[in-house]
Structures are given as C-alpha cells and as structure tokens.
Number of protein chains: 2
Amino acid sequence: MTMLTQRQWIYRQQPVGQISADHYELVEQQLSTALGEQEVLIESAYFSVDPYMRIGQSSKPTYDTEAHPLNTVQQGAVVARVLASNAPGYAAGDWVQAYSGWQTHARLHASGLKRIDPELAPVTTALGVLGMPGRTAWFGLTESGRPHAGEMVVVSGAAGAVGSLVVQFAKRHGARVLGIAGGPAKCAWLRDTLGADWAIDYKPHAGADTLGAEIKALTGGVDVYFDNVGGMATDAVIPLINRRARIVICGQISQYGGGLETPELGPRLLHHMLYQRATIQGMLARDYLHRMDEMVRIVAPWVKAGEIVFEETVIDGFEQLPAALNSLFTGDHRGKLLVRA
Amino acid sequence: MTMLTQRQWIYRQQPVGQISADHYELVEQQLSTALGEQEVLIESAYFSVDPYMRIGQSSKPTYDTEAHPLNTVQQGAVVARVLASNAPGYAAGDWVQAYSGWQTHARLHASGLKRIDPELAPVTTALGVLGMPGRTAWFGLTESGRPHAGEMVVVSGAAGAVGSLVVQFAKRHGARVLGIAGGPAKCAWLRDTLGADWAIDYKPHAGADTLGAEIKALTGGVDVYFDNVGGMATDAVIPLINRRARIVICGQISQYGGGLETPELGPRLLHHMLYQRATIQGMLARDYLHRMDEMVRIVAPWVKAGEIVFEETVIDGFEQLPAALNSLFTGDHRGKLLVRA
C-alpha cells in the first residue's frame, strides 16, 4: 500500500481575542493512497481563509448551533488537483474545489468535490469572485441591498474579498459608491482601480461623528449600506440613511475579536430605522449556495472579459495558515486572501 | 359676528428630557364663528396623545426634517362634533375626525375632515383601533412582522394602544404571543383579557440577561419581535431570534426622553442578524394611510362583533393634555390614552 505524507492544522484551542498559531497544532502523518469506490485523492493547491472561520470559533451559538469542534482539522474551502481517482468523471490532473480544510492531501468521496474549469478563469477564482465571496457580494447586494441607478451605496470593508466585489457590482447597477477601508493605499486602489466614486480611510477618525460627517459631505445620505465591519463604521452610517434605506449585515469583523461573546457597547440607533422606514438584513452565503448558477451566469462573463477586478493576496506556505487567518482582521491585504501550499 | 371662547395649548419650548406643562402655554381667545365657503366649525370631544408627538419635538431631524414648530398649537388628531357647517355633506351634530391639535374649537376646510360613523363603533375608536394605532398595529404586523401560525411573537409595550392590538392580531394569525409590559396588573390583563399566551413584567428585571432568560424559557426562541420600546427589552430579545426572524421597529419609547438627541449606549447585537439572517424593519403609520380601507375591511367587523378588546384610558379635562402626553412614558394606562374635553 502506497503512503504519502499528509500535513494538517488541527484546531486545538478556542481563541478569546485574536486567533493565532497558538490555537492550532501542525501535525504530520502518513495517508494511505488506496482508494475506495467513488473516492478521489486530492492535493490542495490553495487554501481559503475567511472571516467566517473566526465566527465559527465563538463559544456562543452563532450561525451554527455548535462551535467548530476542537481537535479536528480546521474546516475551510480549498482548490486542489486530483492525484488519483476511483470515481468516474475525475482523473489525475483535474482541478477541483473541496471543503477539506487545512490539510495538504485528502481522500474524499467524489460527491464532496466540485469541478473547476481552468479555461473559464484562474482556478483560484473558485475561492473568490466565482466562489463564496462572489456569491456573498452578488446576492447580498442584489437580494438584500437592491441598489437602483442613482442611489448612494456605502460599503465597509470595501477593499476586502467581498467588499471589493460589492463596490464593482454596485457601480454596474448605476449607483454611486463610497468605500470605507483602512489606509490610503487601499483607498487609492478603491478609487483608481475599482472605480469607487469616493473612498474614506477610517483610520484617522477617532469616532463615528467625524467619519459620519465626511460620509455625509460626500454622499448627502445613504440608500444602501453594505456592512462587512460593524462598530464605528455602522455608527457613522446609520444616522445618514435615506428613506427606505437597506442595510445589509454581511459581516461584523470589527467585533470578532471577542466581541461576539461579550458585545461591546455602542450607541442605540434603531430609532433611525423608524424615522426612515429602513431595513437591516443579515445574510449568509450558504443561503444562496443552490443559486450559484444565477451568479455565475452573470459574473463569469465579466470575469472572462476582464471587466471585474478580482485581486488576490497570496501568502506562500501551508505553515502560514493560522497567521493568514489572523491577518484578515489586522492586515493590509486587498481582495481575496489565499494561502498557497 | 358671533364669537366663541377657544382654548389652545401652545407648544412653547423644546423638552430635553420628559415633556410637561412647562413646555406649553394654555391660551384663551375669541374665535369668530363666521364660516367661509367649504368651512366647518368643530368642537373637539376627544384628543389623542401619542408617543410620536415626543419624537416630533426632538431637536434633531426625525421622520420629519423639521421639528414641531414652536409657538403653534400642538398638533394631533381629535374626534369632534360639527357645530356649524358651510360645506355640503356636513351638518351640525355630525361626528368627524380632524388633525386640528390641542384646541377646543376650530374652523376647518371640509377637506381636512373625515366622517366618523357612530353606528359602526364608538367614535373614540377613530383615534384607536380604527385609527392610527390600529393601522400601525395591523400593517406593522402584517407587512413587516408577517407572522405565521405556530410562530412565536414577542411584543414590547404590549399593554399600549398599538401593542395591545398587535397581541390580539398575532393571536388571530395562529401565532403564540408573549407580551412585555410594566407591572403585574398589565400582565394579568394581557393574559386574562387579551389572550396573550404569556406576559412578562420587565420592571423586576435589572438587565437584559435575566429578562432574556425568562423569554427564552417561555418561548424557546422568537420569530417576530414587534418593538414599541427599545432599550433593555430589545437587548433581551435580539439574542433569542430564530432563523429569518423579523423585528419590527414601531416605536422606541424607552429612548424618547432625551436619548434621541444623545443616544444611550447599549450592546452591539447586529451580529445576531447575520447569524439568523434576520430582518429589522422600521415602520410608520403614515405610510399606510392610503391603505386604511384594507385594515378597516378586516378589523371593523371584529370590533363590531365585540371580538377585539380596544381598551381606552380616558383622562378628563383639556387642561390635562401635557400631563397626559408625559404619562405615556411614565404612566399606568392600558390601551389607547385619550383626553376628553
């Protein structure tokens, strides 16, 4: 029986604040390459790190009743190549997407794989614009945000994997778009490369009042707020909403470093919802998994035609995975953050 | 030219916290009874006091761009009798509804009047179950709350003009209903007279944690939260929402005593919207004014058949109006609060 060396990041300890390598253990073991019926052996090429992973580590119930189990491989999506197949339809060399988590190799039932067409777009887009982040951006914007031409759309976390797509999708709807991001480099990129009408660096702002004043001066008022961040950005935007504004809660990454268990305090602002008869709606990508084809039908041609910027920040080295996850909340990456094996 | 003595409550000073007679002046003057074409002279019989009046006194923009103007008669709805008419279709003795505010008499153009049929229901219902509060309860529940049979509905301010109707309307939808109110008497009334499945007195609770634990023990989780109050009640309910819960922001009366200008702090809870893909929607009665007939078509037969409890708390004396308004936020009234001339 042939064996190969498999490395895995095992999730060992629940983080209280930030996540780090201390919460994981890197293990190495031998994996048999013998395949059962319908089994496929894959070698992971790219690993996705996503903010939702930190939510899943909360000690309180979140979108799942149970937290990510300890002492198991960190769950997550990968792009991989087939090394060997005992399933019809898969052959060595094929590119596939799997949810096999932070391990270098895996033997999986073919039903857990999704074929990637490398002719359509770079294979990494299966983890980005043509994958979960793209689905989140597309359906969050179209189903919950519902922007119209001429409306004002504000996006927090605008330089991130989801935010950077929302900015571009909203522009294609004919809306005017303001992105909020951290640092002048991201803001310049939002304006110059993604086509945002305005970009605001939140970092020089000590509080929501001055941030809000800057947003108000530029937009006059907000029709759609696509929120990936929460906290100060949201405090700044809510008092600026227009009549029947739609607020999409896609993420609250400013709150993930412990705030999910013990919420931090912020101003009570729900009376603005009343004044403006506005809507706040939470959304998760998983609810639109069965509608992936709708998104791909529209977005894939834009990707193929080079009309969508789908920036990727790639970190090299399987051993970098925990640090890469933490850098989602602290780092300077633009677009989709990936780890290359 | 005949004259009559007209008394008016003039709104003189913006309140910072609670509203009181200090913010008004009671004036008396002579009103000519000579009627122009299409004019009607009315004598107010019942005055409505409503929480929205306090919002209109906020120094910041609310649902209206401008605050209620100073040095004018306090605006508000009344039920009145026609004393004399120079408009076809109106005759002395007719019951009408008008938006003539806190004054004993008024000369109005007939287009500002709405006829009340005293055969249909007591005339005061035009300010309650068949008026603005009824419209708020009906459309807030059916358009924003959208309860289904078997779902759990929680109503804050459940003994108030709107809340007491929402409790009953939700029961008629086949939902199970928990009312939150202040004091054991209101809670007993909610259970024994209105048919709520459960009622919780929020007053013994020092904070949202214990209130939330009691709600969770009774309901297991919340599908629709109809919120008239905000603050602690909302902090207690949001962590208990079920998948795709709908939160209706109809009022935030716990925040009206100054909190609208300088919001108080509360826990950040928007991540729960994400987890449960839930919706918060603000609503105002005015948006459904043109759909009044839809509500009346359904609710008036229930009123006529005696199937709806539409409790009224009536305070006697025009001079009591400012105190009555304040007592909305501090008092022990049940159902609709009215002042009788």
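Those residues that are crowded, with 23+ Cβ neighbours inside 10 Å and either outside the structural domain of B:Thr136 (by TED's automatic domain parsing) or assigned to a helix (DSSP H, G or I) (or both), I need them from the stretch B:209-237; list them, please. Of everything in the stretch B:209-237, those that are crowded, with 23+ Cβ neighbours inside 10 Å and either outside the structural domain of B:Thr136 (by TED's automatic domain parsing) or assigned to a helix (DSSP H, G or I) (or both) turn out to be B:Ile215, B:Ala233, B:Thr234, B:Ala236, B:Val237.
Among the residues making up the stretch B:162-174, those that are surrounded by 22 or more Cβ atoms within 10 Å (Cβ to Cβ) and out of contact with any Leu (no Cβ under 7 Å at 6 or more places or on another chain) are B:Val162, B:Gly163, B:Leu165.
For the stretch A:118-141, the set of residues classified as more than 19 Å from A:Val229 (Cα to Cα) and touching a residue at least 12 places away in the same chain (Cβ under 8 Å) consists of A:Pro118, A:Leu120, A:Ala121, A:Val123, A:Thr124, A:Thr125, A:Ala126, A:Leu127, A:Val129, A:Leu130, A:Gly131, listed by residue number. With respect to B:Val248, is the statement that it is in the same structural domain as B:Ser144 (by TED's automatic domain parsing), outside any helix (DSSP H, G or I) and among the hydrophobic types (A, V, I, L, M, F, W, C) true? So B:Val248 passes the test.
Suppose the filter is touching a Lys or Arg at 6+ places or on another chain (Cβ under 8 Å) and either part of a helix (DSSP H, G or I) or at pLDDT below 95 (or both); does B:Lys186 pass it? Judged against the criteria, B:Lys186 is a match. Among the candidates A:Gly17, A:Gly89, A:Gly36, the residue that is among the small types (Gly, Ala, Ser), farther than 24 Å from A:Met292 by Cα, surrounded by fewer than 18 Cβ atoms within 10 Å (Cβ to Cβ) and more than 24 Å from the chain's Cα centre (by Cα) is uniquely A:Gly36. When every residue of the stretch A:221-233 is checked against the conditions, at least one turns out to be of a type in the set (S, T, N, Q) and in contact with a helix residue (DSSP H, G or I) (Cβ under 6 Å, 6 or more places away or on another chain).
Which of the numbered conditions does A:Ile280 fail, given that it passes all the others? Conditions: (1) touching a helix residue (DSSP H, G or I) at 6+ places or on another chain (Cβ under 8 Å); (2) farther than 19 Å from A:Ala170 by Cβ; (3) within 7 Å of chain B (Cβ to nearest Cβ); (4) buried (at least 18 other Cβ atoms within 10 Å of the Cβ). Unmet for A:Ile280, out of (1) touching a helix residue (DSSP H, G or I) at 6+ places or on another chain (Cβ under 8 Å); (2) farther than 19 Å from A:Ala170 by Cβ; (3) within 7 Å of chain B (Cβ to nearest Cβ); (4) buried (at least 18 other Cβ atoms within 10 Å of the Cβ): (2). Meeting the requirement of 2 or more residues that are among the hydroxyl-bearing types (Ser, Thr, Tyr), the strands (runs of 3 or more DSSP E) wholly within the stretch A:1-119 are A:3-11, A:24-32, A:39-48.
Evaluating A:Leu141 against the criteria (1) assigned to a loop (DSSP other than H, G, I, E, B); (2) under 23 Å from the mean Cα position of the chain (by Cα) leaves one unmet condition, (1). Which of the residues belonging to the stretch A:144-167 are in contact (Cβ under 8 Å) with a residue 60 or more places away in the chain and outside any loop (DSSP other than H, G, I, E, B)? Scanning the stretch A:144-167 gives A:Ser144, A:Gly145, A:Met152, A:Val153, A:Val154, A:Val155, A:Ser156, A:Gly160, A:Gly163, A:Ser164, A:Leu165, A:Val166. When B:Ala196 is tested against (1) among the hydrophobic types (A, V, I, L, M, F, W, C); (2) out of contact with any strand residue (DSSP E or B) (no Cβ under 7 Å at 6 or more places or on another chain); (3) buried (at least 21 other Cβ atoms within 10 Å of the Cβ), exactly one condition is not met: (2).
Residues in the stretch B:117-137 that are surrounded by 23 or more Cβ atoms within 10 Å (Cβ to Cβ) and in contact with an Asp or Glu (Cβ under 8 Å, 6 or more places away or on another chain): B:Gly128, B:Met132, B:Pro133.
For the stretch B:75-103, the set of residues classified as within 30 Å of A:Gln276 (Cβ to Cβ) and in contact with a helix residue (DSSP H, G or I) (Cβ under 7 Å, 6 or more places away or on another chain) consists of B:Gly76, B:Ala77, B:Gln97, B:Ala98, B:Tyr99, B:Trp102, listed by residue number. Looking across the stretch A:305-319 at every residue that is free of Cβ contacts under 8 Å to residues at least 60 places away in the same chain and either of a type in the set (Phe, Trp, Tyr) or not in a strand (DSSP E or B) (or both), the one that is nearest to A:Gly157 (Cα to Cα) is identified as A:Glu307. Scanning the stretch B:98-114 for residues that are small (Gly, Ala, Ser) and either more than 10 Å from B:Glu43 (Cβ to Cβ) or outside the structural domain of B:Val49 (by TED's automatic domain parsing) (or both) yields B:Ala98, B:Ser100, B:Gly101, B:Ala110, B:Ser111, B:Gly112. Look at the stretch B:74-95: where a residue is outside the structural domain of B:Gln13 (by TED's automatic domain parsing), no partner that is crowded, with 17+ Cβ neighbours inside 10 Å and assigned to a loop (DSSP other than H, G, I, E, B) sits 6+ places away or on another chain with Cβ atoms under 6 Å. Taken over the stretch B:255-275, the residue count meeting the criterion of being outside any loop (DSSP other than H, G, I, E, B) and at the interface with chain A (Cβ under 7 Å from one of its Cβ atoms) is 9. Would it be correct to say that A:Pro322 is under 17 Å from the mean Cα position of the chain (by Cα) and either in a strand (DSSP E or B) or not aliphatic (A, V, I, L, M) (or both)? Considered against the rule, which asks whether it is under 17 Å from the mean Cα position of the chain (by Cα) and either in a strand (DSSP E or B) or not aliphatic (A, V, I, L, M) (or both), A:Pro322 comes out as yes. Here A:Lys304 clears all of (1) within 7 Å of chain B (Cβ to nearest Cβ); (2) surrounded by fewer than 19 Cβ atoms within 10 Å (Cβ to Cβ) except the condition numbered (1). The sole residue among B:Leu325, B:Leu240, B:Leu338, B:Leu321 that is modelled with pLDDT of 95 or more, crowded, with 19+ Cβ neighbours inside 10 Å and under 21 Å from B:Trp189 (Cβ atoms) is B:Leu338. Going by the conditions given, is A:Tyr46 crowded, with 17+ Cβ neighbours inside 10 Å and at pLDDT below 95? So A:Tyr46 fails the test. Filtering the stretch A:147-183 to residues that are within 13 Å of A:Val222 (Cα to Cα) and either modelled with pLDDT under 95 or of a type in the set (D, E, K, R) (or both) leaves A:Glu151, A:Arg176. Looking at (1) among the aliphatic types (A, V, I, L, M); (2) more than 24 Å from B:Pro263 (Cα to Cα); (3) surrounded by 12 or more Cβ atoms within 10 Å (Cβ to Cβ), which is the only condition B:Met53 fails? Among (1) among the aliphatic types (A, V, I, L, M); (2) more than 24 Å from B:Pro263 (Cα to Cα); (3) surrounded by 12 or more Cβ atoms within 10 Å (Cβ to Cβ), the lone unmet condition for B:Met53 is (2). Among residues of the stretch A:20-29 being surrounded by fewer than 17 Cβ atoms within 10 Å (Cβ to Cβ) and touching a strand residue (DSSP E or B) at 6+ places or on another chain (Cβ under 8 Å), the one that is farthest from A:Arg340 (Cα to Cα) is A:Gln29.
The values are calculated or read from the model by the stated rules, or taken from the named source; none is laboratory data. The shown structure was predicted, so the numbers you read here are calculated from the model rather than taken from an experiment. All Cβ positions, glycine included, derive from the backbone under ideal geometry; neighbour counts span all protein chains shown.
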